[in-house]
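Visitor: Handing you a structure now.
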Amino acid sequence: MPLSRREFLQVGLAGATGLALLRYCRLAAAGTAAKPEPSVQWLTARQVEVFGALWPAILADAVTLDAEARAVAGQEIIESIDRALAGLTPAVQQEVQDLLGLLTFGLTKRFVAGISGDWRDASDVDVKAFLERWRNSRFETLQQAYQALVRLTIACWYANPRAWQAIAYPGPPHAAELGAL
Amino acid sequence: MTGSTIRDPIRIARDDPARNWHVLDGSQPGKDLRIDCDVVIVGSGAGGGISAEVLVRAGLRVVMIEEGPFKSSSDFRMREREAYPQLYQESAGRQTRDKGITILQGRNVGGSTTVNWTSSFRTPEATLAYWVKEFGLDEYATDRLAPWFEHVEARLGIERWPQHPNANNDVLRRGCEKLGIASNAMKRNVRGCWNLGYCGMGCPTNAKQSMLVTTIPAALDGGMTLLHSTRVERIAHRFDRATSLSARGMIGVAAEGRRFSIRAKHFVLAGGAINNPGLMLRSQFPDPYERLGKRTFLHPSTVSAALFPEEINGYAGAPQTVYSDHFLGIAPIDGPVGFKLEAPPIHPVLAGITLQGFGHDHAAWMKRLPNLQVLIALLRDGFHTGSPGGRVAIRNDGSPVLDYPLSDFLWEGARRSLLAMAEIQFAAGARQVMPLHEDAVPCRSWPEAKKLIEGLPMAILRTRLASAHVMGGCGMGTDPRHAVIAGDGRHHQFDNVWVFDGSAFPTSIGANPQVSIYAMATRNATQLADQMTGKPRQAVA
């Protein structure tokens, strides 16, 4: 962790002041963000970059496709994450926005997430180290954030029929008869 | 996409002018509406659904309100990506406030009965005896509830599952047998089940006798009005009576649609054990002894994964057919916490988000999906001072949230349950067992697993916990100082507010709760109907 406990508490992530700060940071970040891709409705372009960096580390060899198919899968994962977030309750959406604010605002990205450059330039090693740090952080909030990011990504991949061949899942039974194709 | 060859009786009836169903979709545009009725029921799950039929048959004018959509078999395509967002609270991602426990709860016409795994148990005798002794609920003695259990079992086709358990459940049977522990075959609420294994995504063949295909269509045929995709915001009250209810249509994830105002003689709350206390808190119900939202129980469940040399195919076949109550019976109910052992269905998303870790290690387990076997242990919470349950509160936006801290008392049981499951899985022939815990690694033998589990830190967000049974929060009891409602379901401070669902339970059940809810709600709704119609008490049909 680049932050000491004292410094971390000063950032005040868990407190109301901290959340207000992060909301401000998010607005500041959003203000300078590039225009989002047309395929997403909820995520900003900057937030897409976060998930774009996270999914290859989270899914690793679960996505056993050639480069071209992998690119398509990556796009589908982002779109699926976007739809999932759009369907969350407003209270949970706000929590996700706070988290994504933390991950995209320069100072917190660097000192809380430990990612110094842009997410799109982060190496697989950097992203895995970030995930492990948060997974085993002594701060409950960061453990929660790790689990949210990982579960969201994993759910959005394994919901996709493209994922099923690699795990030998045959898909729904009697699909033709039951209108499930 | 081709259509199902299975007849969808719900869609047919909705489209049939002769049936004259009164169904209103709150998400559709329309003018604001005011409705008067005898009874308004909030929620369409086990409690609301079964009560609706009773009240309509008594000749009462009933309005039922459901926050979720009205879906039926032709919509149920056995796909997790469609089912979870459509049919579950918070897209099946509802969690306790600290995110330590993931909660599966239905949100659709039929509630959790549309998506449950059909496991059917009468309320255990030990639980009822505890209610009589601790909460003065004499009318919940086993012999007094027995006719109501018989009634609902007949109504919903509840019978012992006659087919062989799928391999995932058979591991539980086999492992218990090897260790000399009792296990049993489950009862299920199905008629003509295809043994597919997709109960959790809505039954595509209408075999599951959920509220969606049984009591709700019966109530609609009897003239009930169903208002779906509509959230109840508040109940207005004056002195000792509720007067009206305000609701709004759901537009996407927010209740921003048309407004409904419902005036009723009686208000039946059946929105589940998180939403019911939430609604009462939002409505500022009197709560002189500060009981509202307290004592909310979850059957917090630990999970143990195993790899078998043979194929398990845990996604195929009736999801739950074998259980063991051995660990509920070895200590008194108010002693060290007991747990019920079951096996869950194993589908890609559910398995993926439950297995710990990420990257290569996670993918390696997912690639063995056909060989993956899973057991769950449901902790029987609420019978000991070390297990006072959680507390429902409302957020600034009025939405309910559950705080559920785990005590050392429950963690001790969680550790014991992980040990018990690992031993059973190895006894049944597992090659590897992995307790679901952030700090756990796969183990290749029972001694190795025992050593690992004994050293694991039992802590929130480290130990994987899930719940599909939310109970309590408006607990019943004869003494208003200790309970929100009385044994007949009536609110202690209101003459015309009733709670007919799992939120009425003063403890957890110690078994999958749907049949407990059906029996309690049927009796209490029958008594309410008799009171309203001035009829002598009806015999059980």
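Visitor: Residues that are of a type in the set (A, V, I, L, M) and touching a helix residue (DSSP H, G or I) at 6+ places or on another chain (Cβ under 7 Å): find the strands (runs of 3 or more DSSP E) completely inside segment B:298-380 holding 3 or more of those.
Guide: In segment B:298-380, B:301-307, B:372-379 are the strands (runs of 3 or more DSSP E) which contain 3 or more residues that are of a type in the set (A, V, I, L, M) and touching a helix residue (DSSP H, G or I) at 6+ places or on another chain (Cβ under 7 Å).
Visitor: Restricting to segment A:153-173, name every residue that is touching a residue at least 40 places away in the same chain (Cβ under 8 Å) and more than 7 Å from every other protein chain (Cβ to nearest Cβ).
Guide: Correct list: A:T153, A:C156, A:W157, A:N160, A:R162.
Visitor: Can you tell me which of B:S503, B:S516 is among the hydroxyl-bearing types (S, T, Y), in contact with a Gly (Cβ under 7 Å, 6 or more places away or on another chain), crowded, with 24+ Cβ neighbours inside 10 Å and in contact (Cβ under 8 Å) with a residue 12 or more places away in the chain?
Guide: B:S503
Visitor: If you don't mind, another one. Please specify each residue of segment B:426-444 satisfying the condition of being buried (at least 21 other Cβ atoms within 10 Å of the Cβ) and touching a Gly at 6+ places or on another chain (Cβ under 6 Å).
Guide: Once the filter is applied, which keeps residues that are buried (at least 21 other Cβ atoms within 10 Å of the Cβ) and touching a Gly at 6+ places or on another chain (Cβ under 6 Å), segment B:426-444 yields only B:A428.
Visitor: Name the residues in segment A:129-152 that are within 8 Å of another protein chain (Cβ to nearest Cβ) and either buried (at least 18 other Cβ atoms within 10 Å of the Cβ) or under 24 Å from B:H347 (Cβ atoms) (or both), would you?
Guide: A:L131, A:R135, A:Q143, A:Q144, A:Q147, A:A148, A:V150, A:R151 - these are the residues of segment A:129-152 that are within 8 Å of another protein chain (Cβ to nearest Cβ) and either buried (at least 18 other Cβ atoms within 10 Å of the Cβ) or under 24 Å from B:H347 (Cβ atoms) (or both).
Visitor: Return the residue satisfying two criteria in turn: it lies in segment A:124-165 and is β-branched (V, I, T) and under 14 Å from the mean Cα position of the chain (by Cα), and of such residues it is farthest from B:A466 (Cα to Cα).
Guide: A:V127
Visitor: Also, I was wondering about something else. Scan segment B:70-85 and give yes if some residue there is free of Cβ contacts under 8 Å to residues at least 60 places away in the same chain and outside any loop (DSSP other than H, G, I, E, B), otherwise no.
Guide: Within segment B:70-85, one or more residues are free of Cβ contacts under 8 Å to residues at least 60 places away in the same chain and outside any loop (DSSP other than H, G, I, E, B).
Visitor: Let me ask something else. Give me the strands (runs of 3 or more DSSP E) completely within segment B:382-443, filtered to those with at least 1 residues that are in contact with a Phe, Trp or Tyr (Cβ under 9 Å, 6 or more places away or on another chain), ordered by residue number.
Guide: It comes to B:391-394, B:432-435.
Visitor: Could you say which residue among B:A541, B:A486 is modelled with pLDDT under 95, surrounded by fewer than 24 Cβ atoms within 10 Å (Cβ to Cβ), over 23 Å from B:P344 (Cα atoms) and of a type in the set (G, A, S)?
Guide: On inspection, the qualifying residue turns out to be B:A541.
Visitor: Kindly list the number of the only condition in (1) touching a strand residue (DSSP E or B) at 6+ places or on another chain (Cβ under 7 Å); (2) within 13 Å of another protein chain (Cβ to nearest Cβ) that fails for B:P85.
Guide: Against the list (1) touching a strand residue (DSSP E or B) at 6+ places or on another chain (Cβ under 7 Å); (2) within 13 Å of another protein chain (Cβ to nearest Cβ), B:P85 comes up short only on (1).
Visitor: Please name all residue pairs, on different chains or six or more residues apart, with Cβ atoms under 9 Å, provided the first residue is in segment B:337-352 and is within 14 Å of chain A (Cβ to nearest Cβ) and the second residue is of a type in the set (D, E, K, R).
Guide: B:H347/B:E80; B:P348/B:E80; B:V349/B:E80; B:V349/B:R81; B:L350/B:E80; B:G352/A:R151
Visitor: Go through (1) facing chain B (nearest Cβ under 9 Å); (2) touching a residue at least 24 places away in the same chain (Cβ under 8 Å); (3) surrounded by fewer than 16 Cβ atoms within 10 Å (Cβ to Cβ); (4) not basic (K, R) and name the single condition A:A176 misses.
Guide: (2)
Visitor: If you don't mind, there's one more thing I want to ask. Any residue in segment B:221-240 that is of a type in the set (G, A, S) and touching a Lys or Arg at 6+ places or on another chain (Cβ under 8 Å)?
Guide: Yes; the residues of segment B:221-240 include at least one that is of a type in the set (G, A, S) and touching a Lys or Arg at 6+ places or on another chain (Cβ under 8 Å).
Visitor: Taking A:A168 as the residue in question, decide whether it is more than 20 Å from the chain's Cα centre (by Cα) and modelled with pLDDT under 95.
Guide: It is false that A:A168 is more than 20 Å from the chain's Cα centre (by Cα) and modelled with pLDDT under 95.
Visitor: Which one is surrounded by the fewest Cβ atoms within 10 Å (Cβ to Cβ) among residues in segment B:246-292 that are in a strand (DSSP E or B) and touching a helix residue (DSSP H, G or I) at 6+ places or on another chain (Cβ under 9 Å)?
Guide: B:A254
Visitor: How many of the residues in segment B:169-209 are surrounded by 18 or more Cβ atoms within 10 Å (Cβ to Cβ), touching a residue at least 40 places away in the same chain (Cβ under 8 Å) and within 22 Å of the chain's Cα centre (by Cα)?
Guide: 20
Visitor: Continuing with this model, one more query. In segment B:249-261, how many are within 27 Å of the chain's Cα centre (by Cα) and away from chain A (no Cβ under 14 Å)?
Guide: So the count comes out to 1.
Visitor: Then there's this: Could you please find all residues in segment A:71-99 being more than 14 Å from chain B (Cβ to nearest Cβ) and either in contact with a Leu (Cβ under 8 Å, 6 or more places away or on another chain) or surrounded by fewer than 17 Cβ atoms within 10 Å (Cβ to Cβ) (or both)?
Guide: Of everything in segment A:71-99, those that are more than 14 Å from chain B (Cβ to nearest Cβ) and either in contact with a Leu (Cβ under 8 Å, 6 or more places away or on another chain) or surrounded by fewer than 17 Cβ atoms within 10 Å (Cβ to Cβ) (or both) turn out to be A:A71, A:V72, A:Q75, A:I78.
The values are calculated or read from the model by the stated rules, or taken from the named source; none is laboratory data. Small disclaimer: the values here were computed from a predicted structure and weren't measured. Glycine gets a Cβ as well: all are built from the backbone with ideal geometry, and neighbour counts include every protein chain shown.
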